[in-house]
């Protein structure tokens, strides 16, 4: 992280949520309970429960807030209910025009109702294609044009001048503009001042985002009174609960509005901070004026980041549906500190711990061959490769001496471990009668990728450590094959009191490097168990997917080269 970036401080205005993580996947204000709401909850009148509710008082309060006539407000059970009423009001075949990406509910409603949707693909950078919008509006009069500002899921804030241009164009051809301003409280401006002069404009607002009342389901339309009156006959009777109406009115009181403004200012401050942080990390994101940021990572990295965040207790949104794929969106918390640390773990590890055999180096013709030769020497029967893999998958056999001894025992032969070790080494290192199996080792990691990693380590981007079940003598040819940097740590079985699955080697690497955000990559269940015990992101590779995931691997790949997309 750049030294110019100051840590976003915590705010005493907001209380930490009493739950084991952060829910940042649906853009709610879910990390804190507004202080004003505590008092309002305690003052819910009994009649709010036993009487049928009347939403008109809330609509009048909203109208007063925006200096509008009362008939210019229509409240619903969430914005979704109002959107449904609007679609139901449309004549069959009405053209629905919306630039993508857009809020998924609009696409769902276009599939349900007898309308004709025209969803406009975005530009390559996922911004609105304004030329396509202009053409579509001109060519399809008397339509419904849907624009989200700031947009969900990208956060794009279409400039005011261009928005007004589209609004005027809609008016010229008899098209209604539905302007979704669910996130307007976090943005630089809104179009409330355009309502009186544009009867074809409908603005959608909500209490779910800035006000932190998503569970109450209160949304509202602001529009010309005649237009909204045509919708009122469709509204279900008593559509908003008495409790929701009571708390919605409380949210419009002076003390609550003041707290909402403070909260929004806080989110805007944290948005700037997190955007600067991502820029310093070299992470691409979409410019946003909402209460969320969408990172553009690519499919594999997006999936990885989502899984790492989930494993650390943070829910974020991963997008894998065209036109927005390979992206991760997160809501901006009021206190960024814990979130920032987990984000750093997922995006910017400072220590990469690596197993060697089956991870970096192909040992199928060396160590595995020595296992087969050793077991055959004692039992006269060569074990199947599946038998070797099954033992490794079971855990506890990261040491090939122990693995060979177990296979010999299963062959009905009693064996002295010290003697077996010498037999094994003769096959692995060779002797005067035979070449050593170690000469048949080769890299599993692409040489160009490995060279790139070493260059980045030399440049200080991160550090690495080898944590292996080999002893020092066995590790020597491996270090030569890897051309391993002499200044990066190596922990063999001779360098620790207890081998994997004990995390001693990983923790020693952490102590030596001072790292805080670490990954551990391995092909063996004991590698993964050690990673989990050390608090590392556990990444499994190789052939034992089920066993490694059961042991705690956050992700699994066929080989280590998949990490090229993650770093």
Exercise. Does residue 130 satisfy being in contact with a strand residue (DSSP E or B) (Cβ under 7 Å, 6 or more places away or on another chain) and buried (at least 16 other Cβ atoms within 10 Å of the Cβ)?
Worked result: no
Exercise. Which residues, taken from the stretch 139-178, are under 28 Å from the mean Cα position of the chain (by Cα) and closer than 21 Å to residue 78 by Cα?
Worked result: 146, 147, 148, 149, 150, 151, 152, 153, 155
Exercise. Residues of the stretch 455-472 being part of a helix (DSSP H, G or I) and out of contact with any helix residue (DSSP H, G or I) (no Cβ under 8 Å at 6 or more places or on another chain), which ones?
Worked result: 455, 456, 457, 458
Problem set entry | helices (runs of 4 or more DSSP H) wholly inside the stretch 1-112 that include at least 2 residues being modelled with pLDDT of 90 or more and buried (at least 18 other Cβ atoms within 10 Å of the Cβ) | 56-66, 78-89, 104-112
Exercise. Tell me, which strands (runs of 3 or more DSSP E) lie completely within the stretch 313-362 with 3 or more residues that are free of Cβ contacts under 8 Å to residues at least 60 places away in the same chain, more than 30 Å from residue 397 (Cα to Cα) and not assigned by TED's automatic domain parsing to the domain that holds residue 456?
Worked result: 317-321, 324-331
Problem set entry | residue 283 in a loop (DSSP other than H, G, I, E, B), more than 23 Å from residue 192 (Cα to Cα) and either under 32 Å from the mean Cα position of the chain (by Cα) or modelled with pLDDT of 95 or more (or both) | yes
Exercise. Within the bounds of the stretch 553-563, is there any residue that is closer than 17 Å to residue 363 by Cα and in contact with a helix residue (DSSP H, G or I) (Cβ under 7 Å, 6 or more places away or on another chain)?
Worked result: yes
Exercise. Residues of the stretch 58-115 being touching a strand residue (DSSP E or B) at 6+ places or on another chain (Cβ under 6 Å), without any contact (Cβ under 8 Å) to a residue 24 or more places away in the chain and within 30 Å of residue 251 (Cα to Cα), which ones?
Worked result: 63
Exercise. With 415, 345, 363 as the choices, which residue is touching a helix residue (DSSP H, G or I) at 6+ places or on another chain (Cβ under 7 Å) and either modelled with pLDDT of 95 or more or surrounded by 23 or more Cβ atoms within 10 Å (Cβ to Cβ) (or both)?
Worked result: 345
Seminar exercise, completed: Considering residues that are in contact (Cβ under 8 Å) with a residue 24 or more places away in the chain and part of a helix (DSSP H, G or I), the number found within the stretch 440-451 is 3
For this session: Look at the stretch 457-468 and say how many of its residues are in contact (Cβ under 8 Å) with a residue 12 or more places away in the chain and either farther than 14 Å from residue 354 by Cα or more than 34 Å from the chain's Cα centre (by Cα) (or both).
Result: 1
Problem set entry | Count of the stretch 506-517 residues which are within 16 Å of residue 468 (Cβ to Cβ) and in contact with a helix residue (DSSP H, G or I) (Cβ under 7 Å, 6 or more places away or on another chain) | 2
Exercise. Taking interchain pairs and intrachain pairs at least six residues apart, which have beta carbon atoms under 6 angstrom, with the first residue in the stretch 173-190 and at positive phi and the second assigned to a loop (DSSP other than H, G, I, E, B) and surrounded by fewer than 21 Cβ atoms within 10 Å (Cβ to Cβ)?
Worked result: 174/141; 174/142
For this session: Among residues belonging to the stretch 470-496 that are surrounded by fewer than 19 Cβ atoms within 10 Å (Cβ to Cβ) and within 21 Å of residue 525 (Cβ to Cβ), point out the one that is nearest to the chain's Cα centre (by Cα).
Result: 496
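Filter the stretch 534-567 down to the residues that are part of a loop (DSSP other than H, G, I, E, B) and without any contact (Cβ under 8 Å) to a residue 40 or more places away in the chain, then identify the one that is nearest to the chain's Cα centre (by Cα).
553
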Problem set entry | Single match in 268, 283 (criterion: in contact (Cβ under 8 Å) with a residue 60 or more places away in the chain, surrounded by fewer than 22 Cβ atoms within 10 Å (Cβ to Cβ) and touching a strand residue (DSSP E or B) at 6+ places or on another chain (Cβ under 7 Å)) | 283
Seminar exercise, completed: Here the residues within the stretch 124-136 that are out of contact with any helix residue (DSSP H, G or I) (no Cβ under 9 Å at 6 or more places or on another chain) and in a loop (DSSP other than H, G, I, E, B) are 124, 125, 126, 127, 129
Exercise. So residue 258 fits all but one of (1) under 30 Å from residue 60 (Cα atoms); (2) in contact (Cβ under 8 Å) with a residue 24 or more places away in the chain; what number is the exception?
Worked result: (2)
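If the requirement is being more than 26 Å from the chain's Cα centre (by Cα) and more than 27 Å from residue 133 (Cα to Cα), which of these qualifies: 61, 88?
Selected residue: 61, the only one of 61, 88 that is more than 26 Å from the chain's Cα centre (by Cα) and more than 27 Å from residue 133 (Cα to Cα).
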For this session: Check 222, 228, 166, 158 and return the single one that is outside the structural domain of residue 325 (by TED's automatic domain parsing) and in a strand (DSSP E or B).
Result: 222
Exercise. Pick from 467, 457: which is surrounded by fewer than 19 Cβ atoms within 10 Å (Cβ to Cβ), modelled with pLDDT of 95 or more, in contact with a strand residue (DSSP E or B) (Cβ under 7 Å, 6 or more places away or on another chain) and under 22 Å from residue 530 (Cβ atoms)?
Worked result: 457
Problem set entry | Candidates 480, 497, 511, 531 - the one that is in a helix (DSSP H, G or I) and more than 23 Å from residue 340 (Cα to Cα) | 480
Problem set entry | Single unsatisfied condition, residue 333 versus (1) surrounded by fewer than 18 Cβ atoms within 10 Å (Cβ to Cβ); (2) at pLDDT below 95 | (1)
Exercise. Would you call residue 294 crowded, with 23+ Cβ neighbours inside 10 Å, in contact with a strand residue (DSSP E or B) (Cβ under 9 Å, 6 or more places away or on another chain) and within 16 Å of residue 27 (Cβ to Cβ)?
Worked result: yes
For this session: Might you let me know whether the stretch 384-396 holds any residue that is surrounded by fewer than 16 Cβ atoms within 10 Å (Cβ to Cβ), in a helix (DSSP H, G or I) and in contact (Cβ under 8 Å) with a residue 12 or more places away in the chain?
Result: yes
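The values are calculated or read from the model by the stated rules, or taken from the named source; none is laboratory data. Not measured: the values here are computed from a predicted model. Every residue, glycine as well, gets a Cβ built from its backbone with ideal geometry; the counts of neighbours run over all protein chains shown.
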